[in-house]
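In what follows, a single structure is set out as structure tokens and then discussed.
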């Protein structure tokens, strides 16, 4: 699993730059680019909380949703054989391919959240 941290309902991916001995993070799931850095993990967590609190304040002042809005549709590319199997499986259970993919994603997320 990728290194991530959470504060409130925001997530950030965490990276380490060896040449400068710096940890840095990038907030995920927002329209804006938000990064932060520190030389320690404790400092990184503190910086993350500070940028999120500031971002929420800015969004409130601008009457803007702080989270990226998702449409609920996306394109995926998979192996043709897997595509065929998914279509045939979904038809056997009287489901659309979209319903099958949604079910598979939901089940995987629920399994990982346990």
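Miscellaneous remarks
- Taking the chain and dividing mean pair separation by its residue count, relative contact order in percent (alpha carbons under 8 Å, at least six apart): 13
- Structure-derived Kirkwood radius over Cα pairs in Å - corresponding label in (i) 17.3; (ii) 16.8; (iii) 14.5: (i)
- Compared with the dominant principal axis of the Cα atoms in the chain, helix 80-92 is inclined by about 60°.
- Taking all Cα pairs closer than 8 Å and separated by 6 or more residues, the relative contact order of the range 4-62 comes to 24 percent.
- Helical contribution to [θ] at 222 nm, DSSP H n ≥ 4, -39,500 (n - 2.57), averaged over the chain, rounded to 500: -15500 deg cm²/dmol
- Taking every alpha-carbon pair in the range 4-62 and binning the separations at 10 Å intervals from zero gives 24, 55, 19, 3 percent.
- Cα Rg, Dmax (largest Cα-Cα span) when computed across the range 42-93, Å: 20.9, 53
Values in this text are rule-based calculations from the coordinates and carry no lab data. Note that the coordinates shown come from a computational prediction; the quantities given were computed from them, not determined experimentally.
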